[in-house]
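The values are calculated or read from the model by the stated rules, or taken from the named source; none is laboratory data. Note that the structure is a prediction, hence the values are computed from the model and not measured. Note that we place each Cβ from the backbone using ideal geometry, even for glycine, and neighbour counts take in every protein chain shown. Keep in mind that these areas ignore ligands, DNA and RNA; they rest on the heavy atoms of the full protein, side chains included. Shrake-Rupley method; radii C 1.70, N 1.55, O 1.52, S 1.80 Å.
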Amino acid sequence: MYKLLAAAVLQFISSAALAQTADEETEPLWEAGVAGIGEHAPDYPGSDEHNTNGAAAPYVIYRGDIFRLGDDSIVKGVVLETERFEFDISFDASFDADSEDNDARRGMPDLDFLGEVGPQLTVNLGEYRKGQLELEMPVRAVFSTDFGNLDHRGYVFNPEISYDLDDLFESFDISLELGATFATEELQDYFYQVEEQYATSSRMVYDAEAGYMGSELSAAFSYGITDRLRFFTEVQVSYYGGTANEDSPLLLDEITSAVGAGFVWSIYESDARVPIR
């Protein structure tokens, strides 16, 4: 699924905190501030139409031993953590899309906000050229909501390799991620199925299938203006060739791209500190 906005904000809220403590071995137990971002992104995975969104909001990070808030994920509970492995239960989210604003989906139900919850195993693959390699393997249940109803939308598996290089230049960090997405039929139906009542002369009936959903490559860059203010930008390219539903009349672009940019401003932090994980 497409989550550039949420992923970028969380990633750089975390990196902004790390930038403040790069030469230390600890970081604040909690901190609060303001984060904002704008993005230009596809309406849904494989859409040939884009929209531009922006948001700014206060944020809070809490770095407890077990419960953590806003540090790489919206919320997560750490079950196991060693130098090599981390196993946690985490939550994530993505944004909605109005079908009336998309030619391919016009007349079909809107795509609501999506939420995910489930276990994730993170494997520390070690250092490479002064950067950190990790393998993340989340398996999550997916739900959609219009804030009036909550519907189960199946399950998603999103293995991803990430490479983080801090202080490439003074206060300049880079993060690269390569991942693939696999989903059950319920989630594939949500994006790509066309029921008979929604078929038109240009949108034939289509029965979506479970399986491979697409791959994503992203590059993110951030720069610390001060110890507490950091700007970032991210570019993501997604590829849908060879997917289980590449023949769907709703999957119109084999290759899509998205860009985002924003800031993180840390305003308050606790005197209590914890080791950098």
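Points to keep in mind about this one:
- Environment charge at Val235 (Cβ cut-off 12 Å; Lys +1, Arg +1, Asp -1, Glu -1): -4
- Each residue of segment 259-275 was assigned a 3J(HN,Hα) from its phi angle through the Karplus expression (A = 6.51, B = -1.76, C = 1.60, θ = phi - 60°), giving 9, x, 8, x, 9, 10, 10, 7, 9, 10, 8, 7, 6, 5, 10, 10, x Hz with x at Gly and Pro.
- Computed over segment 177-277, relative contact order equals 25 percent, with contacts defined as Cα pairs under 8 Å that lie 6+ residues apart.
- Kirkwood Rh in Å, taken over all unlike Cα pairs in segment 118-180: 13.9
- Probe 1.4 Å, all protein chains present, accessible-area order of Tyr155, Tyr240, Tyr62, largest first: Tyr155, Tyr62, Tyr240
- Annotation: amide H-H contacts under 5 Å for Leu29 (H modelled 1.01 Å from N, sequence separation of 5 or more, or interchain): Ser270, Ala272, Arg273, Val274.
- Separation between Cα centres of segment 215-277 and segment 153-195, rounded to whole Å: 10
- Over segment 157-262, the hull volume per residue, using the convex hull of the C-alpha atoms, is 122 Å³.
- Tyr44, Tyr163, ranked by accessible area, largest first (probe 1.4 Å): Tyr163, Tyr44
- Stretching Ile225 away from Thr52 to a fully extended chain increases their span by 59.7 nm, per 0.36 nm per residue minus the current alpha-carbon distance.
- Neighbourhood net charge (9 Å Cβ-Cβ; Lys/Arg +1, Asp/Glu -1) for Ser218: -3
- The order of Met137, Met213 by accessible area, most exposed first and with a 1.4 Å probe, is Met137, Met213.
- The 3J(HN,Hα) values that the Karplus relation (6.51, -1.76, 1.60; θ = phi - 60°) gives for segment 225-240 are, in residue order, 6, 9, 5, 10, 10, 9, 10, 8, 9, 9, 10, 10, 10, 10, 10, 10 Hz. Gly and Pro appear as x.
- Scanning residues 5 or more positions from Leu111 or on other chains, those with amide H under 5 Å from its amide H are Ala97, Ser99, with H placed 1.01 Å from N in the peptide plane.
- One chain, two ends: Asp271 and Val123. Fully extended at 0.36 nm per residue, the span grows by 50.2 nm beyond their Cα-Cα distance.
- Projected label distance in nm at Leu217 and Val60, using a 7 Å step from Cα toward the beta-carbon: 4.0
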